[in-house]
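Accompanying notes for the structure given below.
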Amino acid sequence: MELTLERVDKIVGPETHLYPLDLTLAPRAVTVLLGATQAGKTTLMRLMAGLDAPSHGLVRVDGKDVTGMPVRERNVAMVYQQFINYPSMSVFDNIASPLKLRGDKSIANRVQELAAKLHIEPFLKRLPAELSGGQQQRVALARALAKNAPLMLLDEPLVNLDYKLREELRDELTQLFAAGDSTVVYATTEPTEALLLGGYTAVMDAGELLQYGPTADVFHKPKSIRVARAFSDPPMNLIEGNAASLGVSLPAGVQLSVPLPAASTANLTIGVRASALHITQRPGDVALPGKVELAEISGSDTFVHVETAVGELVAQLTGVHFFDLGSNITLYLHPAQVYVFDASGALLVAPTRGMT
């Protein structure tokens, strides 16, 4: 199924919830809608589903105009944060309901398979009210997967689950999506989730579609500072700089040898991902001395906030490290690992792929 949006927007009273955008989803692939809360992700998904009509523009499915077609007339599966299950039906029957409607002959096997993958197999005989919120969310997700609709819309479906279970289910969902024929749209606020799930990513901010394309391309070549900020966790370090004869000049006389386009503006912004900063010097690295302001251990990584001459930087270090607050530390950065944005915020230079 090919879903195309042509100059669609959504205006409610004096407020614009979604600015005009064009988008054609890659068929039978996963597209992640990535953006902060109120970026416009849910509004866009409701237009895709037919729950709402756009204020302007067209929605097409396989070339056919379905802009005014209500959701009940479309073959769409949806799971939202506010999960919905049939309260009087068992978990088994909730999951089986779309299979029964289309006369599937292997209902029990399919229900058991989905329940096992989503870790709800022990609850198949229970009613939804007897489950926790996270378990009910997984029931709704299983029913949507069982429907195997041409278009599947998932609005932060794992948000109510604990960290460990989210990690496990992301892997399962990736396999389930790959095995199906659905065009999947998956909304999330987490850049990591987009990298794990998305064949394609659409980055949204304040009701605008900023960039759409293969996930790796959008991550490695964000077209603007706004995209880079949205697709970085922790947020990308941003440093004010100027074009110089040998590349880029940063505060305190720090020089980065970065080849710039001939028509580069004088005022630049340098973007550095936290993972590009190290505490061990490598050939070609530039030293950035500073003092530790904060050190946070998260999972198997340590995030160190360092006040340097070029500004406060956050470094993501692999492993568990301990630093005394106020202690001296030197961060190292290779010039090939920086992003350069012009005065308008547009990307001029992206890091060399393959550098670590």
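The values are calculated or read from the model by the stated rules, or taken from the named source; none is laboratory data. Predicted model, so just to flag it, every value in this text is computed and none were measured. Note that we place each Cβ from the backbone using ideal geometry, even for glycine, and neighbour counts take in every protein chain shown.
A few points about this structure:
- Checking the range 195-207 against the condition returns no match, with no residue being outside any loop (DSSP other than H, G, I, E, B), of a type in the set (A, V, I, L, M) and on the phi > 0 side of the Ramachandran plot.
- Count of the range 208-220 residues, restricted to those that are in a strand (DSSP E or B) and either of a type in the set (Asp, Glu) or under 18 Å from LEU158 (Cα atoms) (or both), is 1.
- Positions within the range 107-147 being over 14 Å from PHE92 (Cβ atoms), without any contact (Cβ under 8 Å) to a residue 40 or more places away in the chain and not in a helix (DSSP H, G or I), in sequence order: SER132
- Among the criteria (1) buried (at least 20 other Cβ atoms within 10 Å of the Cβ); (2) touching a His at 6+ places or on another chain (Cβ under 9 Å), the one LEU197 does not fulfil is (2).
- Just one of the listed residues (VAL310, VAL320, VAL286) is without any contact (Cβ under 8 Å) to a residue 24 or more places away in the chain, out of contact with any Lys or Arg (no Cβ under 8 Å at 6 or more places or on another chain) and among the aliphatic types (A, V, I, L, M), namely VAL320.
- Which numbered condition SER245 fails, given (1) without any contact (Cβ under 8 Å) to a residue 60 or more places away in the chain; (2) assigned by TED's automatic domain parsing to the domain that holds GLU172; (3) more than 11 Å from LEU34 (Cβ to Cβ): (2)
- Any hit, the range 165-188, residues being of a type in the set (S, T, N, Q), in contact with a Ser or Thr (Cβ under 9 Å, 6 or more places away or on another chain) and either part of a loop (DSSP other than H, G, I, E, B) or not assigned by TED's automatic domain parsing to the domain that holds GLN38 (or both): no
- So THR215, is it touching a residue at least 40 places away in the same chain (Cβ under 8 Å) and assigned by TED's automatic domain parsing to the domain that holds MET48: yes
- Residue among LYS147, LYS100, LYS105 that is among the basic types (Lys, Arg), within 26 Å of the chain's Cα centre (by Cα) and surrounded by fewer than 22 Cβ atoms within 10 Å (Cβ to Cβ): LYS147
- One residue from VAL139, VAL203, VAL159 being modelled with pLDDT of 95 or more and in the same structural domain as ARG46 (by TED's automatic domain parsing): VAL203
- Among (1) at pLDDT below 95; (2) in a strand (DSSP E or B) - the single one HIS321 does not satisfy: (2)
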